[in-house]
Each structure stands twice: as structure tokens, then as C-alpha cells.
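Heads up: the structure comes next, in C-alpha cells.
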Amino acid sequence: MTETSGPTTVAQDPAPILSNVPGSFAEGVMLRRHPDIIATVRRLVPYPRAVQDALDHLLSTLDGAIPELPASAVDAAFWRESAAGYVGRRWVDVPFLWAESYFYRLLLEATGYFGEGPWRGVDPFAPQKLAELDSPDLDRDLSELDGLVTAPPAEGLAAALAASLWGNRADLGFRLSDPSSTGRDRVDDLIADDSAALWQLVEASAGPVHLVADNAGRELTADLVLIDRLLETGRTAKAVLHLKPHPYYVSDATTTDLLAVLRRLAAAPGAAAGIADRLQQAIAADRLQVRAHGFWCTPGTFHQLPRDLVDELSAAVVVIVKGDLNYRRLVGDAHWNPTTPFADATGYFPAPVAALRTLKSDVAVGATPDRLEHLNATVPGWRTDGTHAVVHVRT
Ligand SMILES: O=P(O)(O)OC[C@H]1O[C@](O)(CO)[C@@H](O)[C@@H]1O
């Protein structure tokens, strides 16, 4: 974020989004979506009494004060520092981005994900992720792959990019609180489309393309198809896929989820199996490298990228950043004027960056004044209802 020198031209950082505005989207997430998520986890995973009690305890804090992560937690030191000044305050009074991230960390703690017992490493969201992999919607997506791989390269790439973009609206946390969203897939309303700049970047150099993944299931499937197309058409010689090192927001993709998608593709008829085969060979040959850096599961914005990630991302031809949460972390989860140019909000990022996002939370940049006026007048929920999307590129 920016600060310019001079007596009269100090650009203020926009204020962070909190959840304490009555009726706001963020308030709804904190007060309704999070309890729903706890209830769904309890319903779908047969946790023992002690875990159910711990989940109930977490639930009981949500309309009150933020609790501490137990000192015995593996990452207690990190969170003690991160939560300084927040523990004991109302969830809704601290930055929304931080509060959501901490909620998911406490949820994993309650389920024993990092503990020594039998629930260690058990993804509380696995039933929902697996159900999505079994869905007829995904069968339909996969049946469209035959046409995609035989299309002329530029067309196949454009179709894969669109699938990766709109695949982002399929995320499970979103569907949980907005079931009608299931019937609204691919409502193609792009607020900004800089995809030509993305293709120019990848055509100018065979250097690595990085993709910072968001959700498992259908979205990750589409992301992998995009990666396959980039490799197969020679647009890039190497791709790097960044996953989460452990479960995070409801459907965030981990390495386990990657393997599940590869299995699903391999077992499907038609072109899907060929894609799985090529991707597996690419992983074996290091042409597709998988990373799972701990930073991706922290509440910081990308302004706080650690040195090793900065060094690696700096060499990218482009970093494709997927989804709403990553977008919030990229530009800063703040009350931006929506007409702020994307390049201004991301100038600090260490490489050219492309954001593929369907809008599922309030933060917005990169809209033209005309478009903004029209959206505000015609689609009151455009920032949060998942019907609109952006392809933003900063070269
Ligand atoms: O899966 P995505 O696209 O990152 O969306 C996650 C979004 O879901 C929410 O957790 C709730 O809608 C948002 O606050 C968050 O940004």
C-alpha cells in the first residue's frame, strides 16, 4: 500500500474491513456462516465427545470474545504474536481477514488436527470435498475436456482460463450459506478482463508460471487443466502449483486434494485420463512442481510474503493468484475505492501477477467509474454474491 511524500499528497492506506457493521457481509460470515460451518463439520464427521465439546466451546465464543490458542499448540508462538491485541476482544471488532483465518485455525485445533491422537491429520472438510468430486457437475465439466484439448491452442487456453476463473465460484463455504448459487454457475459477467495481457506475458517467455491455488474439487480440476494446457502448448516450460500445507478455509486445496483430483481425472472417460497422465509425468519430471508453504495458511496479506517466497516468485513469468481469499490477501482486505487501479494496489508484488477471482466479499479494485456506477445501480450484491468476476493482470 502506498504513501507518497510531500505536504499535501499523503495517500492513506484504506481502512481494514471489520465485521461490526450491522447487516454487512463480513458480519454475516462471522455470526452465521461460522456457526453453520461448525454444525456441518459436526454432522459430517463422527467426532468423539471430546472433539464435539471442543467444537461447542468454539461455537460459544463466536458472539463473544476471541479465545487464545492453547499454549501447547504446535504454532502457539506464531499465533500469540499474531493475536496480540485481538484476544479478548469481540470477533467482529478485529480485522475480518485475520478473524476468519484465526477461526479456521481454532477449528482445526478443536478437531485434533495437529494433536497426537487418532484425529491427527484428518481433514474436517474432507466429506464435503469428496462429495464435490463425486458430483454430476464435475462429470459434466470433465465431458467438456475432449473439445478443449482438441481445440486450437489459443482457444483451448482461453476455455481453460474461463473454467479456472468460474470454477472459483464453486467453493463449498460459499455454497453452504448460499445454496441457490449452485444453479448460477458461469453467470459470465466480467468486471475486468485483462486476459490478453496474461497471454502476452506467457508468450514472451518460457519461464515458470506459478499458480497460487484456492479451492479443491472442481476449481482445482480446472486449474490443473489450465496448467496442462500451458505446458502442453509450450506456453510455459515449467509450472509451480502452490497448495495449502493443511486444511484452511472450508475447501482450500492441499496436496491430498491434488492427489484426489488426479485420481478422479485418471478414472474418467475421454481426455481427462490423458490430462491426469501428462500431469503425473510432469510432476515426476519436475516440470510441474508442487509447493505447500506455511505462509499460505496465515492471516497476513501478501505484503508480508516471507523472503523465500519472494525469491521464488520473483523469477516467475507471471503468478496466477486464484480466488477471493487470495485476492483479499493480494490487494489488502480493506475499504478500497473500487476504481483504484489494480496495478496501484499490487505494485509491491515481486512479479507480474494475474488475479482470477469471482467476487465473494466486499473488497473491490480495478472497476471503471462507469462500470461501478452501473453495478451499484443494477446489482446491489455484485461484490459478494459470486455472480461477477475479474481477470486482473499487472505486468
Ligand atoms: O474460496 P475463495 O474464493 O477464496 O472464497 C473465500 C471467501 O469465502 C468467505 O470465507 C466467505 O464468503 C470469504 O470471506 C472469503 O474471501
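What follows is calculated from the coordinates using simple rules that are stated; it is not laboratory data. Remember, predicted model here, so these are calculated numbers, not experimental data. Neighbour counts run over all protein chains shown; Cβ positions are idealised from the backbone, glycine included.
What the table shows:
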quantity: Inverse mean reciprocal Cα-Cα distance (Kirkwood Rh) of the stretch 188-277, Å; calculated: 14.3 Å
quantity: Quotient of Cα Rg and 2.2 N^0.38 Å for the stretch 127-394, N being how many residues it contains; calculated: 0.94
quantity: Dimensions (Å) - the stretch 17-116, Cα atoms, principal axes, largest first; calculated: 38, 31, 17
quantity: Contour excess over end-to-end distance, with Cα ends at residue 290 and residue 78 and 0.36 nm allotted per residue; calculated: 73.9 nm
quantity: Leading residue at positive end of dipole, the chain (Cβ point charges), from 55, 96, 197; calculated: 55
quantity: Summed side-chain charge close to residue 92 - residues other than residue 92 whose Cβ falls under 11 Å, Lys, Arg +1, Asp, Glu -1; calculated: -1
quantity: Which of 352, 76, 270, positive extreme of dipole for the chain (C-beta unit charges); calculated: 76
quantity: Extended-chain gain in nm, criterion 0.36 nm per residue less alpha-carbon gap, residue 57 and residue 273; calculated: 73.3 nm
quantity: Order of 314, 143, 361, 164 under a 10 Å beta carbon neighbour criterion, fewest first; calculated: 314, 143, 361, 164
quantity: Cα-centred dipole magnitude for the chain, charges only on beta-carbon of K, R (+1) and D, E (-1), debye, nearest 20; calculated: 440 debye
quantity: Local electrostatic count at residue 226 - Lys and Arg +1, Asp and Glu -1, tallied over other residues with Cβ under 12 Å; calculated: -1
quantity: Inter-part distance where the stretch 89-110 and the stretch 288-366 are each reduced to a Cα centre, Å; calculated: 20 Å
quantity: Ranking of 144, 81 by count of other Cβ atoms within 10 Å, fewest first; calculated: 81, 144
quantity: Contour minus Cα-Cα distance for residue 146 and residue 122 (0.36 nm per residue); calculated: 5.1 nm
quantity: Charge dipole magnitude, Cβ of K and R +1, D and E -1 - the stretch 308-395, Cα centre, debye nearest 20; calculated: 180 debye
quantity: Loop trypsin sites (Lys or Arg not before Pro), the stretch 24-119 (other Cβ atoms within 10 Å of the site Cβ: 16 or fewer; DSSP); calculated: 89
quantity: Estimated [θ] at 222 nm from DSSP helical runs (n ≥ 4, -39500 (n - 2.57)) normalised by residues in the chain, nearest 500; calculated: -13000 deg cm²/dmol
quantity: Residue 335 paired with residue 256, simple spin-label distance in nm, labels 7 Å along Cα-to-beta-carbon; calculated: 4.0 nm
quantity: Estimated distance in nm for a label pair at residue 283 and residue 139, the labels positioned 7 Å out from Cα along Cα-to-Cβ; calculated: 2.6 nm
quantity: Where a label projected 7 Å from the Cα of residue 20 along Cα→Cβ would reach, residues of the stretch 83-111 with amide N under 16 Å; calculated: 85-100
quantity: Extent along principal axes [Cα atoms of the stretch 262-321; Å; largest to smallest]; calculated: 43, 23, 17
quantity: Test item: Cα-centred dipole of the stretch 59-112, Lys/Arg +1 and Asp/Glu -1 on Cβ, debye; calculated: 60 debye
